[in-house]
Amino acid sequence: MLLSMASDRGLRAEPALHPIPKVFVVDDDASIRDSLKALILCEGWQPETFASAEEFLSHPRTIAPGCLVLDVTLPGLNGLDVQMRVVAGRSNMPIIFITGNGDVPTTVRAMKAGAVEFLVKPFGAEELLSAIRHAIERSRMALDHETEMQSLRDRYACLSRREQQVMTLVVSGLLNKQVGFELGISEITVKAHRGKVMQKMEAGSFADLVNMAAELRVQDAR
């Protein structure tokens with residue numbers, strides 16, 4: 001495998017606001033693991049290497065942007081088996097496949113399941129690094145979305161049951177008077193609850209509230 005190591009590449013500093021990205025490598029060839037580890041370190045990322053799928057899958061999940069560089073052919077579980085488990089439980093971890101024997105059906109299956117790239121050995125260092133950069137960016141975006149969604153869920157959980165009911169009805173398009181009729185309360189009370197909902201959900205506009213409800217997939221709480 002061609003993995004040219006530029007001695008003057010140096011370490012690349014990551015923004016202080018973000019954790020150092022982690023690049024997980026699963027390959028049963030020790031020489032490949034060592035080569036990839038050195039290359040990853042030169043980019044300023046944090047490598048974690050594993051000789052088998054089972055070893056990787058038993059590793060605790062870390063909350064940091066990163067990706068998985070995964071050999072297709074492994075002892076025990078193969079790369080495609082690992083991909084199925086990662087997609088199910090670690091959706092914010094993009095996968096880059098590497099293999100010495102890239103057949104079309106395997107490549108198609110891997111890419112359809114969401115793989116970032118499928119590289120056939122030998123490949124160049126820059127080809128792999130480009131794929132890793134893309135995967136890390138995708139991972140960072142997924143983690144940011146998870147954080148935003150958790151914050152949104154937390155704010156929604158702070159609403160009273162009545163406020164949740166009002167939110168559900170107003171975002172469905174009902175007027176305050178209609179919401180009051182549905183819930184058996186006055187229009188003035190609906191307005192008060194609506195104001196509290198906007199405040200607690202930190203919605204800058206009604207359109208923002210509608211979008212939040214769509215993200216949360218809120219259901220009628222009457």
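Nothing in this text is a laboratory measurement; each read-out follows from the coordinates by a stated rule. On a predicted model such as this, the values are computed, not experimentally measured, just so you know. Here the Cβ positions follow ideal geometry from the backbone for every residue, glycine too, while neighbour counts run over all protein chains shown.
A few remarks follow.
- Signed unit charges on C-beta, dipole axis of region 13-158, positive-most listed residue Ala110, Val23, Leu36: Ala110
- The modelled label-to-label distance for the pair Ser172/Arg61, using points 7 Å beyond Cα in the direction of Cβ, is 3.3 nm.
- Farthest towards the positive end of the charge dipole of region 158-216, among the residues Ala213, Leu169, His193, is the Cα of His193, using unit charges on the Cβ of Lys, Arg, Asp and Glu.
- A helix-only calculation puts the chain at -16500 deg cm²/dmol for mean residue ellipticity at 222 nm, using -39500 (n - 2.57) for each DSSP H run of at least four residues, averaged over all residues.
- Listed residues Pro75, Phe50, Ile63: farthest to the positive end of the dipole of region 22-148 (Cβ charges): Ile63
- In this rough spin-label picture, where each label sits 7 Å from Cα along the Cβ direction, the Thr147-Arg161 distance is 3.5 nm.
- Relative contact order (%) - the chain, alpha-carbon pairs under 8 angstrom, separation at least six: 16 percent
- Lysine pair number, Cα distance threshold 29 Å (strictly under), the chain, separation 8 or more or different chains: 10
- Cα-centre dipole for region 158-216 with unit charges at Cβ (Lys and Arg positive, Asp and Glu negative), debye to 20: 220 debye
- The charge dipole of region 69-221, taken about its Cα centre with unit charges on the Cβ atoms of Lys, Arg (+1), Asp and Glu (-1) only, comes to about 500 debye.
- Here the extension length gained between Leu41 and Thr73 equals 9.1 nm, from 0.36 nm per residue of separation less the Cα-Cα distance.
- With only the Cα atoms considered, region 56-157 has a convex hull volume of 108 Å³ per residue.
- Rounded Å value of the spacing that divides the Cα centres of region 144-159 and region 96-118: 35 Å
- Shown here: P(r) over Cα pairs in 10 Å bins from 0, in percent, derived from the displayed model; of the candidates (1) 7, 28, 32, 24, 8, 1; (2) 7, 28, 27, 21, 14, 3, 0; (3) 7, 27, 22, 14, 15, 10, 4, 0, it corresponds to (3).
- Spacing of the two label points (7 Å from each Cα toward its C-beta) at Leu183 and His134, in nm: 4.8 nm
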